[in-house]
Amino acid sequence: MILAPERKIISPRFEFNSDNPYQPSVSETQKNYIEKIKLNITNKSYNLQHSACPCGAESSEDILVSEIDRYGIPLKSVLCNRCGTVRFDPYLDEASLADFYTNIYRKMYAMDVDDSADYGDYIASQSSYSEKLLQFAGDSLTPKSRLCEVGCGGGGSVKFMQERGYDAIGCDYDVAALQAGRHYGVKHLYYGDLNSLPEEQRKAKFDLIYLHHVFEHLDQPLNFLQEARQYLTPNGKIVLIVPDISRIDQFGHLPALGNLLMYLHIAHKYNFSIDGLHRIASQVDFAVNKLELGSSSKSSSPWSSSPEIWIQISPNSTQENTTVHQESSSRPSRMLNYLLRTEKLFKLGLCRGQIIYKMSALASPKKLTTKLRRIMP
Ligand SMILES: [Zn+2]
């Protein structure tokens, strides 16, 4: 029997209110898809099933923090009081996820390839994280190194790596994105995941497997790491880049700055904590290194990026780099306290990032003029 988690909703706006449902600011097209999901959940076309935190904690250590996602979809988010990871529980089962990603996801998130004349720009934009990736992992790579991006979308990053001489390939389940990538000249893009790559690709193994904003989508992240291990060379590494809800007060895109609700959305089953990632990796005997960005890569344009965790993991039985930050289950987690505090500050407009943004607006004559025009039309 699964006990209901302790209830500590972040604030009233995170509650599900059937009389006055939350209305997201989205297009009419997006609204139609959101309503479709709500209906699928209500009439049980979509099945929700329980899954425990992949850190290994019992569900009795969970705390219910939200009853809706950012689209107003009635999905419960729980915070694992052992590791601080936030996840949807219960969540869509495998068949429901397959339908969601095939028929709804891209259109609901306004990322449909058919609707975008600027898909080439999207592919080009993937080079920004590829550059950062090479800053971190470049030293351990040689011109002959084999790279694989899992969930590569249109393959802009794969192209970037190929142009720098690496033997890079990518895989994704998004047929339209893969086709668009090929249209823009990206080579070696494959449908599916690591297990469905052509045999010669799997046998050759990889020096670097990386996932950019993909790991948080996976239903079974622990299984992925176990499987990925067999495709790594002896010194091979995996780099994971995921959203970081432990710094949402600091910087980010404006609607999400300090706003936890924006980080809770149906496609992201997990919002991992660093502690949670350490605990998951240690279960499959991986060593973990947190990759810290230099100050210059963040401060030059803080509003162009969102808080992220960059982490490198590699098979290593010595575990010398792995540090598990013990959270005591007998006290509220640091993450919960941070999220509750951030919500209070967000509503007052007093998150650090919100204050910096306001100050920068005042310091910029152009932004100040725009602001004054709004006040004095
Ligand atoms: Zn956990």
What residue among 271, 259, 195 shows peak mean-square fluctuation when the chain is described by a Gaussian network model with Cα springs under 10 Å?
195
Would you mind getting the Kirkwood hydrodynamic radius of region 46-98 from its Cα pairs, rounded to one decimal in Å?
11.5
Can you tell me which aspartates and glutamates have their Cα less than 15 Å from the Cα of residue 344? Leave out same-chain residues fewer than eight positions away.
249
Tell me which chymotrypsin sites (Phe, Trp or Tyr not before Pro) from region 1-60 have a DSSP coil assignment and no more than 16 other beta carbons within 10 Å of their own.
16
Trypsin sites (Lys or Arg not before Pro) restricted to region 1-98 and DSSP loop, no more than 12 other C-beta within 10 Å
44
Listed here are the pairs 8/31; 144/203; 237/269; 144/205; which of them are more than 18 Å apart at the Cα?
8/31; 237/269
Given a cut-off of 22 Å, what percent of all Cα-Cα pairs of region 55-146 lie beyond it?
59
Take the chain, connect every pair of alpha-carbon atoms lying under 10 Å apart with a spring to form a Gaussian network, then pick out the residue of 151, 56, 72 with the largest mean-square fluctuation.
56
How much of the DSSP beta bridge set in region 119-315 is antiparallel, as a percent to the nearest 5?
40
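Got a number for carbon plus sulfur as a percent of region 119-315's accessible area, 1.4 Å probe?
Working: 3800 of 7650 Å².
Exposed carbon and sulfur together represent 50 percent of the surface.
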Determine the dipole magnitude for region 87-148: charges of +1 sit on the beta-carbon of Lys and Arg, -1 on that of Asp and Glu, nothing else is charged, the reference point is the Cα centre, and the result goes in debye to the nearest 20.
380
Per 10 angstrom bin, beginning at 0 and ending with the bin that holds the maximum distance, the Cα pairs of region 119-315 fall in percents of 9, 35, 39, 16, 1
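For the chain, what ratio Rg/Rh do Cα atoms give with a Kirkwood hydrodynamic radius?
On the way: Rg = 21.2 Å, Rh = 22.1 Å.
Checking Rg against Rh, the ratio lands at 0.96.
Going by the alpha-carbon gyration tensor, a ≥ b ≥ c the square roots of its eigenvalues, is region 121-213 rounded (a/c under 1.5) or, if a/c is not under 1.5, prolate (a/b greater than b/c) versus oblate? Spell out each step's value before the answer.
On the way: a/c = 1.71, a/b = 1.10, b/c = 1.56.
Oblate, since a/c reaches 1.5 and b/c is not below a/b.
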Ignoring ligands, DNA and RNA, what accessible area per residue does region 119-315 give at 1.4 Å, in Å²?
39
With springs only between Cα atoms under 10 Å, which of 345, 362, 92 fluctuates most in a Gaussian network model of the chain?
362
Amide H proximity to residue 167 below 5 Å, modelled H, separation 5+ or other chain, gives 145, 147
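The values are calculated or read from the model by the stated rules, or taken from the named source; none is laboratory data. Source: prediction; values computed, not measured. Cβ: placed from backbone, ideal geometry, glycine included. Neighbour counts: every protein chain shown. These accessible areas exclude ligands, DNA and RNA; they are computed on the full protein's heavy atoms, side chains included. Shrake-Rupley method; radii C 1.70, N 1.55, O 1.52, S 1.80 Å.
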